[in-house]
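Below is one structure, written out as structure tokens, with a few remarks after it.
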Amino acid sequence: GGGTDGGGVALWSGTAFSGTNTFAGADMIVAGDGSLGRALSIDGDVDGDGVDDLLAGAPTAASSTGILYLVLGGSLSGTLSLPGDEGASWAGSSAGDALGQSGGGLLDLDNDGVLDLAVAAPGEDSGAANGGMVYVLPAYP
């Protein structure tokens, strides 16, 4: 990760913050490209292990097809690189879709007791040029 259109997410554990907080002082860094971190969501435990998970959008990745990454919760230390260290990922269907620009919500849309993922691709073209689409992704795992 960390290309010319890079991005990253810094995570700190604890409850109190004061002064200036920088990436260098973070407990964990998630590094990537494609404007990683444009959209973030920590809505709950996606994989059912009892630990909250992170959804991070990279809307300009892969020629702006966009990628949504699922980073599984656990140890809050070190550096993860995306792509490579994710638990799962989803990509837009064509260049310019910008999947992961916004959204990333976790909801139980089909009332089966398992969280489903919703994510926006504002540049998706199937309905109209740049008309956009919201994808509802099947429950994970």
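Every read-out reported here was derived from the displayed coordinates using simple, explicitly stated rules and does not represent laboratory data. Computed from a prediction, not measured in an experiment: that's the story for all the values here. Cβ placement follows ideal geometry from the backbone for every residue including glycine, while neighbour counts extend to all protein chains displayed.
Some observations on this one:
- Calculated FRET efficiency for the pair Asp85/Asp125, C-beta based, R₀ 25 Å, to 0.05: 0.20
- Highest-MSF residue in the chain out of Gly34, Gly50, Gly123 [GNM, Cα springs under 10 Å]: Gly50
- Placing +1 on the Cβ of every Lys and Arg and -1 on the Cβ of every Asp and Glu, with nothing else charged, gives the chain a dipole about its Cα centre of roughly 520 debye.
- Bridge orientation summary for the chain: considering DSSP beta bridges with both residues in this region, about 85 percent are antiparallel.
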